[in-house]
Amino acid sequence: MRSGDTMDLLTLEGVTKTFGDVRAVDGLTLSIRQGEILGFLGTNGAGKTTTIKMLLGFFRPDSGKIAIWGGDPRTGAVRRRIGYMPETACYYPFLTIRELLDFYGGLCGMTRADIRSRAEQLIGRVGLAGVEKRLLRHYSKGMLQRAGIAQALLHDPDLLILDEPFTGLDPLARIQLRDLIRELRAQGKTIFFSSHELSEAELICDRVAMIRRGQTVWCGALHEVAGDGQQNLERIFLKMLGGEETA
Amino acid sequence: MKMCGRQTGALVRVALLDLYRRKDLIVVWLLSLVLLLPLAFFSPFGISGAGRYLNEIALLLVWLFSAVIGVGVAARLFPAEFESRTIFPLLAKPVTRGRIVLGKYLGALAASVSALTVFYLAYGVLCGLRQSVWFPVVLFQAFLLHIGFLIVVTALAMLGSLMMTPSANLTLCGLLIVGMLVFGQRLPSLIAAQPYPGKAFLMLVHALGPHVEFFDLRQRVIHGWSRVGWDVCAVVLLYAIGYAAACLGLAGWLFCRKKV
Amino acid sequence: MRQRFWIIMGLLAAGGAVALGLCLPRFFEGSMPQVPGEDVLHLVLGDARQELSMALLAKADEYFHGGVNDVACGHGMTSVEGAVPDHDPAHGESCPEHAHAHEAVRWRDPWAWINGRVHVQEHRHLCNDQATELLPWIWAACRASPQNAQAYQTGAYVLARMTGHPEQGVRLLEEGHRRNPEDAGIVFSLGEMWLTHLHDAARAESWFAAVLPLCRPAEGAVGENDRLLWVRTLFYLGYLAKQRGDLARARACLAEAETVFPEHASVKDLRRLLQQ
């Protein structure tokens, strides 16, 4: 496990969260550097989504500290610079993609003109041009995922938190999303994403953090994980996390 | 300030789109038309000239449907968000929970008032066409106070949506509204006649319950009584705003503490 | 194949149900369960029809008082009992607004104060052409429960006395009589209607004569309402007999009235009439 350096954008130190008898996150320590792509990997119930919710300020940790740009994630100033894509692509079914972006853009304080131009750009970028007038209830799962990416990027955030972004995407869409993520990194954005898709993580991540039962098992660069190159991420994942399902 | 305005405006727009795309309003308007049109041609005992009964039934429908829309829209705002999980991307945006409550409330209110306006315009036209004597000032006051009614019931339903299940919320709101409309004026005499502990309970209801009967001017509109004093109108609207503010304050506090 | 099978089965079941519905009454006529009630509305609502009808009449009364209910006003819209007396100077045939103000609302109770200002605290009476506003509710009261004799009588009064349509009033009472042939009050009202509004003494007398068998009990004591109706009917019969010169008949009516209700004003009036 590596500690953060002075360029850390996001740090979690000894973060714990308990729900009743279940300790979802147990002394988690993690950091992300400015401009990197960190893959957050773990089995089902490892505490990934709980960690993400704490990063977004949905609730406070029971103990420990979370800092994003040195500030509390619950403040408006911090959240204005974060783009979030939820695991389940749930958006208002009675809206079109433009109306959805208009809504979220309004919540981010953007002007109507800014929203319009940015929406135009993003709708084309995520491959939803041509279905703008369709209501979201008529979108496929993959299309909803793309809509989710668009709304996460709408206000040009500096930090992207993506929860299972590759779920439901066809192979072409996955390639497009990978390219988009690399493009964003090249622009200086920081991306934090959780995934079960180890192959995708292997292709784009700078560092990975593996979590089991709410604790960081390993965090470091991919080449350190791969070691002599004879082991791939899947084998390392199984070795580190034991292949057991957590409660 | 501008940020606040944009955020609130965004929430209001979505509430309006939700109501109008559900097509509930069209069903309600059509139902009103179907019920009222045959009655408009009715002549009891072959004698024409009676019009107040039609006004009464029309206004009853306006009140019934506006209450259903107001309470229905507000009661499902938060439960629908939690159920469909759209609450997560919403909370991830740089908007405080209190502002979300306020924005959603204003959206629900705007949606209900827009539907109400159409009802009253249609009623005003019907009234004007049928009757030789028209009381526009009283009708305008009735419309104004009806908005006050929606201010209160929408806030109440929104508070209820954060405390209980949608069906329980709708039932409780329905009971409160009907109960107050029917018995609200008589509460002081009921209190005087009751022994304890019933008396204490009624006093509590009288003190804290939503006095929606304040906003009911149907009697004056239907039977051609004179208007209410404008000072009384102002007091009643202030009551509505105050009551709604108390409900929304409590709702905001509850939502801030709610685990997602 | 499977779908076709289920469609055929469904059609057979529906056909069987229709056939049963048609055949069962024919085969088991007389032994099928008998359900009381003359129509579906009666079956469904039962006694609630009467309550509904009374509520609709109360609505008409509310309309009569300008939309104000629970009014402590001694003047109702009906002529059945305690009608607006013509000789009462406070409530004449003109259309006054009656400010029977309710008791003042205490300022200490702000909600009651607001209610007192928002809701009308006085009432007024509808009269003349305005009384047509009562008709829809009265019509509904008659339809809700054809056994509600009061609805027919109230309706007839409003039609004849208030809106100036006595023929409609008679028609309504005749319908009420068909639905309630044993109701003496409706028959009496028909007699009054023909006499007072349509000025047909012969028809009026025949209707008054029809009241007597309904008032006179077959056995046991007569009820207070029936006694009242009986004596008033005898007054009218005596009056009409005198008008056509049949004094013997008139005296017979007086004699009967004196045994039924000697202290009633009608008996004194009839006695005075026969002394003239």
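We did not get these values from a lab; they are worked out from the coordinates using the rules stated. The structure displayed is predicted, hence computed values, not measured ones. All Cβ positions, glycine included, derive from the backbone under ideal geometry; neighbour counts span all protein chains shown.
The calculated FRET efficiency for A:Arg116 paired with B:Leu126, based on their beta-carbon distance and R0 = 56 Å, is about 0.85. Antiparallel beta bridges, as assigned by DSSP with both residues in the protein assembly as shown, represent about 50 percent of the total such bridges. Note on A:Arg98/A:Ser140: beta-carbon distance plugged into 1/(1 + (r/R0)^6) with R0 of 22 Å gives a FRET efficiency of 0.75. Coupling constants for the range B:176-181 follow from the phi torsions by the Karplus curve (6.51 cos²θ - 1.76 cosθ + 1.60, θ = phi - 60°), and in residue order they are 4, 5, 5, x, 5, 5 Hz; glycine and proline get x.
Here the Gaussian network model covers chain B, with springs between Cα atoms less than 10 Å apart; of B:Val73, B:Val125, B:Val212, B:Val125 fluctuates the most. Each of C:Phe261, A:Phe19 has some number of other Cβ atoms within 10 Å of its Cβ, and from fewest to most they run A:Phe19, C:Phe261. In plain terms, the chain from B:Ser84 to B:Cys4 could stretch by 26.2 nm, reckoned as 0.36 nm per residue minus the Cα-Cα distance.
Cα centroid separation, the range A:136-187 to the range C:206-244: 94 Å.
Helix-only arithmetic for chain B: the sum of -39500 (n - 2.57) across DSSP H runs with n ≥ 4, divided by the residue total, places the mean residue ellipticity at 222 nm at -27000 deg cm²/dmol. Within the listed set B:Lys199, B:Lys104, B:Lys93, the Gaussian network model of chain B (springs between alpha-carbon atoms below 10 Å) gives the highest mean-square fluctuation for B:Lys93. DSSP finds beta bridges in chain A, and of those with both partners inside it, around 50 percent are antiparallel. If you plug the beta carbon distance of B:Val34 and A:Thr16 into 1/(1 + (r/R0)^6) with R0 = 56 Å, you get a FRET efficiency near 0.35. Only helices enter this figure: runs of n ≥ 4 DSSP H residues, each worth -39500 (n - 2.57), summed and divided by the residues of chain A, yield -10000 deg cm²/dmol at 222 nm to the nearest 500. A simple spin-label model places the labels of B:Met164 and B:Leu204 1.4 nm from each other, with each point 7 Å out along Cα-to-Cβ. What fraction of the Cα pairs in the range A:49-175, stated in percent, has a spacing above 24 angstrom? Value for the range A:49-175 (Cα pairs over 24 Å): 30 percent.
Taking other C-beta atoms within 10 angstrom as a stand-in for reagent exposure, C:Glu167, C:Glu182 fall in the order C:Glu182, C:Glu167, fewest first.
Between the range B:109-130 and the range C:127-196, the C-alpha centres lie 37 angstrom from each other.
For chain A, the dipole from Cβ point charges (+1 on Lys and Arg, -1 on Asp and Glu) about the Cα centre works out to 640 debye, to the nearest 20. Peptide B:6-19 is shielded by partner chain Cβ atoms: per residue, an average of 4 of them sit within 10 Å of its Cβ.
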